[in-house]
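So the structure is just underneath, and the comments pick up after that.
The values are calculated or read from the model by the stated rules, or taken from the named source; none is laboratory data. Bear in mind that the values here come from a model prediction, so they are computed numbers and not experimental data. Here Cβ is always computed from backbone atoms with ideal geometry, including for glycine, and neighbour counts include all displayed protein chains.
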Amino acid sequence: MWSFLTDNPNLWYVMGGCAILGVASGALGCFAVLRRQSLLGDALAHAALPGICLAFLLTGSKSPGVMLVGALASSLLGALFILGIVRGTRLKEDSAIGIVLSVFFGGGIVLLTAIQHRPTAAQAGLDKFLFGYAASLVPRDLEVLGMLTLAVLAVLALFYKEFKLLAFDREFGAAMGFPMRTLEVLLTALVVVAVVIGLQTVGVVLMAAMLITPAVAARQWTHSLGLMVTLAALIGAGCGVTGAVLSGAGRNIPTGPVIVLAVTLVMLFSIAMAPRRGLVWSWVRLWRHRKKVRLENLLADFYRLGEPQQDWKRARTLPALAIVRGQPPARVARTVAQLERSGLLASENGQWRLTDTGLEQARRILRNHRLWEMFLSRRLELAADHIHRDAEEMEHALSPAIVAELERLLGQPAMDPHHKPIPVVNPKSEASNPQSS
């Protein structure tokens, strides 16, 4: 099944080249994504095309070294144009990137078309740089790409703190005396080198995906820049090798697009399943919060119903609870059942009352609500009839520490702005408060 790995020695060179590309583009892509310059790599990759064509026209050679030098020069020129447009005009960076991308790529297509119509056969194969041709990698190419990648990683490690400052707070860095413009040019130059590394593997058109996608995937799993850079490099390298293997296992399957598809699948999985930022876990947290709000609101209603006679243990019927909640009886019944299973309500002849634990939880919720109303009324000077809705939301989110601070600021108030008593909570009940954990 895996005999193609040993039958095709060149495949190992392809795997190595793709891994090198993944490491360089993944690491540098993190800074482009964090600086909201995701399209910068796309523009620089497209800007490389006219340089490739001009290098062929001037030398008549299709040597990878010659092509990469032309691509490097053209991409650097494109980067300087972007920086010049941003600094010399009132155009924003996205406009400058769009201008350079379209102009340079358009010029490259014109040159490529002209070359393809020449009567000689020497021009054949230049179009491979559009989508990459990883199968053409040889050991000498790996040496060049490896040295470029090592140089990129060395500069990235040497100026890591400065690039971190550039990514998160450029103005602060400038105020501290750091040469932020020089660092910006240096980081852009590193992106250009990463683009050149990827041209032979994934090509001009798909290079942007190798810069952006691993970084986006890594960002979902961590809040640490160092770990994000490491993860992005590993994701890029792993997907590069995977794409090369899948391409080698099939027939006439281009390596570049397979790599991009592999890293895109990793990105989609990360966006969906990452514990903190993933969509699935966000939905789970939202569902849990809504359930918590629904349960606590009903407990608070039990307490409010018992306030006039100060009889909080009185049993209530389901229709009465549905009227107070303004919800269908079937929905209230589900909430009651959940509270009963949690030991917060007890049933008596088809009616329900608060248990001791449920009463303490209800007091805590009402205390949070009325303390927050007092804070809005006394500290923010909001009218009493404008604070209830906000307190309805905040009562479920206040932690014991915040509640204690509110009591300190407000001087242990006994009444809320509506002249209703603020319940006193047994300190031991705070230990059972889910928000305290």
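Here is a yes/no grid of residues against (1) closer than 25 Å to residue 139 by Cα; (2) over 26 Å from the mean Cα position of the chain (by Cα); (3) surrounded by fewer than 18 Cβ atoms within 10 Å (Cβ to Cβ); (4) at pLDDT 85 or above:
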| site | (1), (2), (3), (4) |
| --- | --- |
| 20 | yes, no, no, yes |
| 28 | yes, no, no, yes |
| 51 | yes, yes, no, yes |
| 61 | yes, yes, yes, no |
| 71 | yes, yes, no, yes |
| 89 | no, yes, yes, yes |
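On inspection, residue 357 passes the criterion of being within 30 Å of residue 407 (Cβ to Cβ), in contact with a Leu (Cβ under 8 Å, 6 or more places away or on another chain) and surrounded by fewer than 16 Cβ atoms within 10 Å (Cβ to Cβ). The residues in the range 272-311 that are touching a Lys or Arg at 6+ places or on another chain (Cβ under 8 Å) and not small (Gly, Ala, Ser) can be counted, and the count is 8. In this structure, is residue 340 over 23 Å from residue 285 (Cα atoms), surrounded by 12 or more Cβ atoms within 10 Å (Cβ to Cβ) and in contact (Cβ under 8 Å) with a residue 12 or more places away in the chain? It is false that residue 340 is over 23 Å from residue 285 (Cα atoms), surrounded by 12 or more Cβ atoms within 10 Å (Cβ to Cβ) and in contact (Cβ under 8 Å) with a residue 12 or more places away in the chain.
Within the set 182, 242, 201, the sole residue that is assigned to a helix (DSSP H, G or I), of a type in the set (Ser, Thr, Tyr) and touching a helix residue (DSSP H, G or I) at 6+ places or on another chain (Cβ under 9 Å) turns out to be 242. Figure legend. Inter-residue proximity from the range 389-412: first residues over 14 Å from residue 374 (Cβ atoms), second residues hydroxyl-bearing (Ser, Thr, Tyr), beta-carbon distance below 7 Å, spacing 6+ or different chains. Indicated pairs: 399/436; 400/436.
Among the residues of this structure, residue 244 does not count as one that is among the small types (Gly, Ala, Ser), at pLDDT 95 or above and surrounded by 14 or more Cβ atoms within 10 Å (Cβ to Cβ).
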